[in-house]
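Trainee: Please see the structure below; I have some questions.
No lab work stands behind these numbers, since they all come straight from the coordinates. Since this is a predicted model, take the numbers as computed values, not measurements. Note: ideal-geometry Cβ built from the backbone for every residue, glycine included; neighbour counts use all protein chains shown.
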Amino acid sequence: MPILNRAAELQGEVAEWRRHLHTRPELLFAVENTAAFVEMKLREFGIDEIVTGLGRTGVVGLIRGNLGEGRTIGLRADMDALPMTETSGVPWASTTSGKMHACGHDGHTAMLLGAAKYLSETRNFRGAVAVIFQPAEEGGGGGNEMVKDGMMERFAIEEVYGMHNMPGMPVGEFGTRVGAIMASTDEFTITLQGRGGHAAQPHKTIDPIVIGAQIVGALQTIPSRTADPLASVVVSVTKFNAGFAHNVIPEQAVLAGTVRTLRPDVRDMAELRIREISQNIAAAFGATAQVRYGRNYPVTVNHPAETAHAIDAASIIAGEAKVTADIEPMMGGEDFSYMLLSRPGAFIFLGNGETAGLHNPNYDFNDEAIPHGISYWVKLAETRLAA
Ligand SMILES: [Zn+2]
Ligand SMILES: [Zn+2]
């Protein structure tokens, strides 16, 4: 079966919503206008219950089926944009310099609204569908905040599903996998305290730049020498700040970066090794290293049964040949990971075609993907909540 006819009919209207949101990107938890737009649409659809302000600015709508009482499943979209300036040149480009929907969350929100409209018209299921619109996916953990606010209990959500667009994957295709599909994303900062002085008298100083350079190199032995070669781990030093003059050896150097893994034990190992390497190399040269290691999003782990349901729904819509059931995991992070720690569920990728990559200033969500995304949500709800 191809995409649903009604979903195809909805494409123009949903694309308009998507472009409206694209023009007006908002960051992190400050998605008030986006949340208000979502709430307005859900009210127009006449759904059964709308709760705002969950996880500060999240919105949940509940749609009850016509086929009797039953379980509730959650479908989740994210609403926030990124702190970057758009260069796509499209007519609906961001009107705010320094804010941009570069991850397609405008498309995710619009597609889930489209699915809510469809499901509120047809209600061809038993139980209820909770449509979840979360803030602060791009840092801030808005999904985690909604879970902590008791969202799952309040709506008696038993399963939860997420979707993200994927540039480079053809429109109309889907991809997912059982187990780890997105990485944990941690951040570290290493502050090296040396002793400053005249650049012509290095013997009277403890040079934090030379020490820092050795630490940068040594940290690369975490993936290459400490981790199991079959385990995925990325350690990237992305900042190295030190010094202010050609002839002065500074007192301090500050290194910072990110660690991504697909396994909790590898994550623990990386944190331990960053501390050991930094502190011991610093000590070897008479300096000190203060390491701050912050744990952000956990690994996004798909549950086996729910992943099978997601694959079934996608296969009904796209045909089995267009659904990759064992896609390679991505080393990016996902706030949806917290929802999957709270309830069983699955995260799936939706083809965005040959567009610029995620977080690229030329990126734009592909409106051609809209009927595929809506059809997936609808089919997933109707199959999981079949009478
Ligand atoms: Zn993103
Ligand atoms: Zn994203």
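Trainee: For Asn296, enumerate residues with amide H under 5 Å from its amide H, sequence gap 5+ or separate chain, H modeled in the peptide plane.
Mentor: Thr185, Asp186, Glu187
Trainee: For the chain, what is the mean residue ellipticity at 222 nm derived from helices alone (per DSSP H run of n ≥ 4: -39500 (n - 2.57); sum divided by total residues; nearest 500 deg cm²/dmol)?
Mentor: On the way: 10 runs with 132 residues, N = 387.
The helix-only estimate for the chain comes to -11000 deg cm²/dmol at 222 nm.
Trainee: Before anything else, pin down the relative contact order of the range 22-143: Cα pairs under 8 Å, at least 6 apart, normalised by residue count, whole percent. The partial results should precede the final answer.
Mentor: On the way: 274 pairs, mean separation 48.4, N = 122.
In percent, rounded to a whole number, it is 40.
Trainee: So, one more: Taking amide H positions as placed in the peptide plane 1.01 Å from N, state which residues far from Phe285 in sequence (5 or more) or on other chains have amide H under 5 Å from it.
Mentor: Those lying under 5 Å, H to H, from Phe285: there are none.
Trainee: Could you go through the range 348-355 in sequence order and give the Karplus-derived ³J(HN,Hα) for each residue, using 6.51 cos²θ - 1.76 cosθ + 1.60 with θ = phi - 60°, rounded to whole Hz, and x for Gly and Pro?
Mentor: The phi angles translate into 10, 9, 10, x, 10, x, 7, 9 Hz.
Trainee: How large is ³J(HN,Hα) for each residue in the range 205-215, as worked out from phi by the Karplus curve 6.51 cos²θ - 1.76 cosθ + 1.60 (θ = phi - 60°), to whole Hz, x for Gly and Pro?
Mentor: Values, residue by residue: 10, 10, 7, x, 6, 5, 5, x, 4, 5, 5 Hz.
Trainee: At most 15 other Cβ atoms within 10 Å and a DSSP loop assignment: could you name the GluC sites (Glu not before Pro) in the range 1-85 that fit?
Mentor: Numbers: sites: Glu9, Glu13, Glu16, Glu26, Glu32, Glu39, Glu44, Glu49, Glu69; in loops: Glu26, Glu69.
In loop regions of the range 1-85 (DSSP not H, G, I, E or B), the sparsely surrounded GluC sites (Glu not before Pro) are Glu69.
Trainee: Using only C-alpha positions, report the orientation-averaged shadow area of the convex hull of the chain, nm², one decimal. Don't skip to the answer; put the middle values down first.
Mentor: On the way: hull surface 80.9 nm².
Its Cα hull, projected and averaged over all orientations, spans 20.2 nm².
Trainee: Taking square-rooted eigenvalues a ≥ b ≥ c of the alpha carbon gyration tensor, is the range 1-52 rounded, prolate or oblate, where a/c under 1.5 means rounded and, failing that, a/b exceeding b/c means prolate?
Mentor: Details: a/c = 2.58, a/b = 1.43, b/c = 1.81.
Oblate shape, in that a/c is at least 1.5 and b/c is the bigger or equal ratio.
Trainee: Quote to one decimal, in nm, the extra length available between Ser236 and Phe285 on full extension: 0.36 nm per residue of separation minus the C-alpha distance between them. Please report the intermediate quantities before stating the final value.
Mentor: Working: separation 49, 0.36 × 49 = 17.64 nm, distance 2.32 nm.
Net length gain for the segment: 15.3 nm.
Trainee: At 0.36 nm per residue, and after removing the present C-alpha to C-alpha distance, how many nm does the segment from Gln193 to Thr383 gain when stretched out fully? Don't skip to the answer; put the middle values down first.
Mentor: Working: separation 190, 0.36 × 190 = 68.40 nm, distance 5.96 nm.
That pair, Gln193 and Thr383, stretches by 62.4 nm at full extension.
Trainee: If you don't mind, there's one more thing I want to ask. Quick one: of the DSSP bridges fully inside the chain, what percent are antiparallel, nearest 5? Let's see the in-between values first.
Mentor: On the way: 48 of 71 bridges.
Expressed as a percentage, antiparallel bridges in the chain total about 70.
Trainee: Report the label-to-label distance for His246 and Val210 in nanometres (one decimal), using points 7 Å from each Cα along the Cα→Cβ vector.
Mentor: Distance between label points: 2.1 nm.
Trainee: Considering the alpha-carbon set of the range 184-294 alone, what are its Rg and its Dmax in angstrom?
Mentor: Expressed in Å, the Cα Rg and Dmax of the range 184-294 come to 14.8, 47.
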